[in-house]
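*Asks:* Below is the structure I would like to discuss, written out as structure tokens.
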Amino acid sequence: MGKSREPETHLALVRRARRINRSLAVAFPHVYCELDFTNPLELSVATILSAQCTDVRVNQTTPALFARYRTAADYAGANRAELEELIRPTGFYRNKTNSLIGLGQALVERFDGEVPHTLAELVTLPGFGRKTANVVLGNAFGVPGLTVDTHFGRLVRRWGLTTETDPVKVERVIGELIERREWTDYSHRVIFHGRRVCHARKPACGVCIVARDCPSYGEGPVEKEVAAKLVKGPETEHILALAGLAS
């Protein structure tokens, strides 16, 4: 089961959170947004489509979508039935169609067809919450942002960095622990780790690079050979090598 720990001071919590970040940077030296895009509008659309859908499925859907709809005005004037059919594979396509048409209209009417680059403006757009806004800020505009998705919230709670469940509160707490300049890459690292190693039901504890700083160590198998079989993704060989397992 998890390690028993003495009550942690705030300074100790900050230091542990930052050690975890540094460890994740070793495991995942090249992090990036896993949604395909070439401009802020495409990323905005892809992020809206990613709700309740995998990035892989979104990336299979967007090439045809982006070829047909290139500008905010294209979305604003979209034929609803055609747009619904194009994005149907991502699920919840009627609601997402409403968001995309509304997004196009709002950008045309209020922002000269361009995606704004402040959090305050982005969260006023249809289909945008803070998570989507931070994805766009961090990856399209280079403005640091914390992306609190399901993986992110699950891992920071598993690590004992917060007990909050509300994404806005999680964002605030973690923002006080991690240096602002690190927010975007930290978000990617946490999400990568959640998808590749620290799975919800059976984390690969035995090969986890943050094990020494994780109070939940032992929720998954701790034997290296058993844990190794749970690791997913293109970084698997690197992660296992860091754990002392030869390929």
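*Asks:* How many Å² of accessible area per residue for region 88-179, probe 1.4 Å?
*Replies:* Value returned for region 88-179: 45 Å² of accessible area per residue.
*Asks:* Provide the packing ranking of 185-193, 51-59, i.e. peptides ordered by the mean count of other C-beta atoms within 10 Å per residue, highest first.
*Replies:* Peptide ranking by packing, descending: 185-193, 51-59.
*Asks:* Between the DSSP loop rule and a limit of at most 14 other Cβ atoms within 10 Å, which chymotrypsin sites (Phe, Trp or Tyr not before Pro) in region 1-73 are left?
*Replies:* Qualifying residues, ordered by number: 32.
*Asks:* In what sequence, highest mean first, do 197-203, 155-161 appear when ranked by Cβ atoms within 10 angstrom?
*Replies:* The most tightly packed comes first, giving 155-161, 197-203.
*Asks:* Find which of 217, 239, 175 sits farthest along the positive direction of the dipole of region 115-247, computed with +1 on the beta-carbon of Lys and Arg, -1 on that of Asp and Glu, about the Cα centre.
*Replies:* Most positive-ward Cα: 217.
*Asks:* What does the helix-only formula give at 222 nm for the chain: each DSSP H stretch with n ≥ 4 adding -39500 (n - 2.57), the total divided by the residues, and the result rounded to the nearest 500 deg cm²/dmol? Could the numbers behind the result be given before it?
*Replies:* Numbers: 13 runs with 135 residues, N = 247.
For the chain, the value works out to -16000 deg cm²/dmol.
*Asks:* Separate question: Where is the GNM fluctuation largest for the chain (alpha-carbon springs, 10 angstrom cutoff): 63, 40, 167?
*Replies:* 63
*Asks:* Also, quick follow-up: Express the relative contact order of region 176-247 as a whole percentage, based on alpha carbon pairs under 8 Å and six or more residues apart in sequence.
*Replies:* 27
*Asks:* For the chain, modelled as a GNM with alpha-carbon contacts under 10 angstrom, which of 149, 112, 36 fluctuates the most?
*Replies:* It is 112.
*Asks:* Students often get this wrong, so try it: which of [x] 14.9; [y] 13.6; [z] 12.9 is mean projected area of the Cα convex hull in nm² as calculated from the structure shown?
*Replies:* After the calculation, the listed value that fits is [y].
*Asks:* Straight-line reach from residue 232: which lysines have Cα under 29 Å away, leaving out those fewer than 8 places along the same chain?
*Replies:* Result set, ordered by chain and number: 3, 131, 202, 224.
*Asks:* From the backbone phi of region 101-111, what are the Karplus-calculated ³J(HN,Hα) couplings (6.51 cos²θ - 1.76 cosθ + 1.60, θ = phi - 60°) in whole Hz, Gly and Pro given as x?
*Replies:* 5, x, 4, x, 5, 5, 5, 5, 6, 10, 10
*Asks:* Then there is this: Please give, to one decimal in nm, the separation of the simple spin-label points placed at residue 226 and residue 176, each 7 Å out from Cα toward the Cβ.
*Replies:* Rounded to a tenth, the inter-label distance reads 3.9 nm.
*Asks:* Still on this structure, please answer the following. Leaving out ligands, DNA and RNA, what percent of the accessible area of region 114-247 is carbon and sulfur, probe 1.4 Å?
*Replies:* The nonpolar share, carbon plus sulfur, comes to 52 percent.
*Asks:* Determine ³J(HN,Hα), in whole Hz, for all residues of region 75-90 in sequence, where each value follows from phi through the Karplus function 6.51 cos²θ - 1.76 cosθ + 1.60 and θ = phi - 60°; x replaces Gly and Pro.
*Replies:* Values per residue, Gly and Pro as x: 5, 4, x, 5, 6, 4, 4, 5, 5, 4, 5, 5, 9, 3, x, 7 Hz.
The values are calculated or read from the model by the stated rules, or taken from the named source; none is laboratory data. Quick caveat: nothing in here was measured; it's all calculated off a predicted structure. Cβ coordinates were reconstructed from backbone atoms using ideal geometry, including for glycine residues, and neighbour counts include every protein chain displayed. For accessibility, only protein heavy atoms count, side chains too; no ligands or nucleic acids. Shrake-Rupley method; radii C 1.70, N 1.55, O 1.52, S 1.80 Å.
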